[in-house]
Amino acid sequence: MAAIVRIGQGYDLHRLEVGGPLILCGVSIDFDRHLAGHSDADVVLHAVIDALLGAAGLEDIGSQFPDTDPAYKGIASTELLSRTREKIEKSGYLPANVDLTIITDQPKLGPYKPLMRKRLAELLNLEAEAVGVKAKTNEGLGETGTGKAIICQAVVSLKKKA
Ligand code: MG
């Protein structure tokens, strides 16, 4: 029997490079660096996508949307998320809630948290109350503490479609 609720977790890291703007959780942030990657490198949405796929027992983001495939070059991660949502629905589930931890000392994300929450709720067709966005610094240590990279961790739950 299929479970009523399923849990998934996702993790991603992207390097920061010179030149803005920074796209995080589908929101454009005024900053002098951007995340490097094959797609738009939205580290937050990538972690969410992997959490969703894992919860549904599907293959990970790298298998679904290979970075060797030119079709995904420069693609908006919002588009990848919407395709992921379709896959989840096809497997018989809907997103129920999401909880995020974004780790970086720069830029300061406090002012952007409500925007990111609203954007992700829209993208997943959830109430804002079902989306948690937490921003942490890394106390000046490691890649995320020194402006070299941003990390995101995501946990999601899925509920069985009625
Ligand atoms: Mg990624």
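The values are calculated or read from the model by the stated rules, or taken from the named source; none is laboratory data. Predicted model, so just to flag it, every value in this text is computed and none were measured. Glycine gets a Cβ as well: all are built from the backbone with ideal geometry, and neighbour counts include every protein chain shown. We work out accessible area using only protein heavy atoms, side chains counted, and drop any ligands, DNA or RNA first. Shrake-Rupley method; radii C 1.70, N 1.55, O 1.52, S 1.80 Å.
Can you tell me which aspartates and glutamates have their Cα less than 12 Å from the Cα of Lys118? Leave out same-chain residues fewer than eight positions away.
Hits, sequence-local ones excluded: Glu127, Glu129.
I'd like the Karplus ³J(HN,Hα) series for the stretch 124-139: coefficients 6.51, -1.76, 1.60, θ = phi - 60°, whole numbers in Hz, and an x wherever there's a Gly or Pro.
Using θ = phi - 60°, the values come out as 9, 6, 10, 5, 4, 5, 8, 10, x, 10, 10, 10, 10, 8, 10, 6 Hz.
Only Lys, Arg, Asp and Glu count, each charged at its Cβ (+1, +1, -1, -1), so figure out the dipole size of the stretch 5-160 about its Cα centre, rounded to 20 debye.
Its charge dipole is roughly 400 debye.
Which sequence of Thr144, Thr101, Thr68 reflects their accessible areas, 1.4 Å probe, from the largest down? Kindly include the intermediate steps, with their values, before the conclusion.
On the way: Thr144 5, Thr101 30, Thr68 120 Å².
The most accessible residue leads, giving Thr68, Thr101, Thr144.
Straight-line reach only, C-alpha to C-alpha below 25 angstrom: list the lysines that Lys73 could link to, leaving out same-chain residues fewer than 8 apart.
Lys87, Lys148
Over the chain, with the other protein chains present, what is the accessible area per residue in square angstrom, probe 1.4 angstrom? Please list the in-between numbers first.
Details: 8140 Å² over 162 residues.
Per-residue accessible area for the chain comes out at 50 Å².
Probe radius 1.4 Å, ligands and nucleic acids left out: which of Glu129, Glu17 has the largest accessible area, and how do the rest follow?
Listed by decreasing accessible area, they come as Glu129, Glu17.
Run the accessible area of the chain with a 1.4 Å probe and give the carbon-and-sulfur part as a rounded percent. Could the numbers behind the result be given before it?
Values: 4240 of 8140 Å².
It is 52 percent, rounded to a whole number.
Taking θ = phi - 60°, what integer Hz values does the Karplus form 6.51 cos²θ - 1.76 cosθ + 1.60 yield along the stretch 40-53, in sequence order, with x for Gly and Pro?
Working through the residues one at a time gives 6, 6, 6, 4, 5, 5, 5, 5, 5, 4, 5, 5, 4, 5 Hz.
Ile150's amide H: which non-local residues (gap 5+, or another chain) put their own amide H closer than 5 Å, with H modeled 1.01 Å from N in plane and none for Pro or chain starts?
Amide H neighbours of Ile150, under 5 Å, 5+ apart: His14, Leu16.
Quick one: ranking Leu58, Leu80 by accessible area, 1.4 Å probe, largest first, what do you get? Can you show the working numbers first?
On the way: Leu58 60, Leu80 5 Å².
So the residues, ranked largest to smallest area, are Leu58, Leu80.
Express in whole angstrom the spacing between the alpha-carbon centres of the stretch 72-97 and the stretch 107-162.
Taking the Cα centre of the stretch 107-162 as reference, the centre of the stretch 72-97 is 17 Å away.
Whole-Hz Karplus ³J(HN,Hα) for the stretch 63-70, in order, using 6.51 cos²θ - 1.76 cosθ + 1.60 and θ = phi - 60°, x for Gly and Pro?
Karplus values, whole Hz, x for Gly and Pro: 7, 6, 10, x, 7, 8, 8, x.
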